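What follows is one structure encoded as structure tokens, with my remarks underneath.
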Amino acid sequence: MAMNLRLDAAHEELLEAMAAQERRTKTEIVKLAIEERAARAEKSTRTKAIFDRIVDEDAALLDALSR
């Protein structure tokens, strides 16, 4: 699906510089940025779920250690 992306001059310059540096198209750079952002969000969600599970499972131990 096609999409228009409106950038201010500063972001356009950054995008062009990244594309040139990585020898990729601007479209490829934008797609990679979206994929990386999605991966970070997914990792954050998984990390929070693991942390919450540990806190629940080890609540007594954590309480004892805090004293």
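Straight-line reach from Lys31: taking Cα to Cα under 19 Å and skipping same-chain neighbours fewer than 8 places apart, the aspartates and glutamates in range are Asp8, Glu12, Glu13, Glu16, Glu22, Glu42. For the chain, the longest principal axis of the Cα atoms and the long axis of helix 26-57 meet at an angle of about 0 degrees.
Here, the chain has an Rg and a Dmax of 20.7, 58 Å when only alpha carbons are counted.
In summary, the aspartates and glutamates within cross-link reach of Lys48, defined as a Cα separation below 13 angstrom excluding same-chain residues under 8 places away, comprise Asp56.
Bear in mind that the values in this text are calculations on the coordinates, not laboratory data. The shown structure was predicted, so the numbers you read here are calculated from the model rather than taken from an experiment.
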